[in-house]
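Student: One structure follows; several queries about it will come next.
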Amino acid sequence: MQRVLMLVGLYLMLLMGSATAGTISVMGTATLEQIPDQVLVRLQVVKTATTATQAKSAADESVTAILDSVRGLGLADNQIDAADLRLSPRYDYQNRVRTYIGIEASRQIVLILKDPTLLAPLLDKVVSAGADEVQGVNWHFSQLKSLQHQARIAALKDARKQAQELAAVYGAKLGEVERIDTVNQASPMPRLRMAMADESAGYQAPTQQISVQVWVEFELD
């Protein structure tokens, strides 16, 4: 009988231990609102001529004029990428008949503008200098990793606050962190927005959100 009572007592102690010990998992979130401080502009020059040499020469001439114009705005070589070149035959199709037109040379130019206030004059200059197409104008953060780090720290603090509030309901305290997972870390890709009220055709970047979600598991004491 005494042995049975000892076993029952040990069983009850184990039950009490499993009830007080455990973990709690929460999802912390944080969002930063910032205005992008850099602009990436993609341009294209397309020229067609009888031969590949003539088409390339015409495209190169336009690209040189474009680069000269943007350097006047203070763009350095590391803000310019104009190494792309594509050559392809062009045909005209009429009445199911294919007619050879010539060779098309296309070159893409990528410009990184560190002063967004210069976007409007830059677009005026590149179009006047011979850009055939503005393929895209995207806004970026020069310190995106730093901003994501700030959001991640804020999300972790939010997770701890939630866990403390939940643990307090049951009279428990938070222990060590068991696990941390980044659930979502969105990288914003802003698009061009024209300020219609500005007669000078200024371009403005809307405020962008940098959001981070973390899943954190805590021990309970």
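Student: For the stretch 18-75, what is the convex hull volume of its Cα atoms per residue in Å³?
Tutor: With only Cα atoms used, the stretch 18-75 gives 211 Å³ per residue.
Student: Sticking with this one: Under the rule of at least 5 residues apart or a separate chain, name every residue whose amide H is placed under 5 Å from the amide H of residue 30.
Tutor: Residues meeting the criterion, in which the H sits 1.01 Å from N, are 212.
Student: OK, next. Pull up all non-local amide H partners of residue 172: gap of 5 or more, or a different chain, and H-to-H distance under 5 Å with H placed in the peptide plane.
Tutor: Under 5 Å from the amide H of residue 172: no residue qualifies.
Student: Give the residue from 59, 38, 78 lying farthest towards the positive end of the charge dipole for the stretch 31-89; charges sit on Cβ (+1 for Lys and Arg, -1 for Asp and Glu) and the dipole is referred to the Cα centre.
Tutor: 59
Student: In addition: Any idea how far the Cα center of the stretch 143-177 sits from the one of the stretch 50-66, in Å?
Tutor: After rounding, the separation between the Cα centres reads 58 Å.
Student: I would also like to ask the following. Could you order peptides 111-119, 142-150 by the average number of other Cβ atoms within 10 Å of their residues, highest first?
Tutor: Top to bottom by mean Cβ count within 10 Å: 111-119, 142-150.
Just so you know, all these numbers are worked out from the coordinates, no wet-lab data involved. The structure displayed is predicted, hence computed values, not measured ones. Cβ sites come from the backbone with ideal geometry, for glycine too, and all protein chains shown count toward neighbours.
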